[in-house]
Amino acid sequence: MSLSSRKKRRMWMLLLGGLGIGSATALALTAFQDNLVFFLAPSEIAAKQPGPDRAFRLGGLVEAGSVQKSVSPEGRPEARFVVTDGPAQVPVVYVGVLPDLFREGQGVVTMGKLGPDGTFRASEVLARHDETYMPPEVADALKRTGHWEPEKGAPPPAASWNTLNPKAESTGG
């Protein structure tokens, strides 16, 4: 065998190996992107609506007086409620049995997709598990919107969020 045929064969092997690794990486990243679920607060949805086919987690507090329970056309339990982070609200529809700890004024994280009408269609609802726990995503959203400064104590009650002035609260007035 000549030296140039070995070089060509080695070059083809490297090229095919690189192509194989590149293809595997592209497939893995595509699969990962499809399964990646982002967390958004109602204020973030109001600022930039995600695509209608994009699954994400919506978190905040269940707005007081917003829970309506009924039966879906298929005969399954259906709940309609509003998730808020203070400045913004998102209506949610969930078909299924709500968790036992689901309550108005409590923290909630839902997973699903935003419909074209702006209603979040939840496929899963998670409620906090005790009186002191708040999902980290909900706590972060409250901090970002200025409704809670942990060093100043517990978050304000959810019923007051639509009337809070974050700037006045943080300055003490």
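Results, tabulated for the structure shown:
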| quantity | calculated |
| --- | --- |
| q = 0.10, 0.17, 0.19 Å⁻¹: log10 I(q)/I(0) that the Debye formula gives for region 1-113, counting C-alpha atoms only | -0.49, -0.89, -1.01 |
| Sequence of Ile21, Ile45 from largest to smallest accessible area, 1.4 Å probe | Ile21, Ile45 |
| Heavy-atom SASA rank of Asp85, Asp53 (probe 1.4 Å, accessible area, largest first) | Asp53, Asp85 |
| Probe 1.4 Å - accessible area at Glu74, Å² to nearest ten | 140 Å² |
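The values are calculated or read from the model by the stated rules, or taken from the named source; none is laboratory data. None of these values were measured; they are calculated from a predicted model. All accessible areas refer to the heavy atoms of the entire protein, side chains included, with ligands and DNA or RNA removed. Shrake-Rupley method; radii C 1.70, N 1.55, O 1.52, S 1.80 Å.
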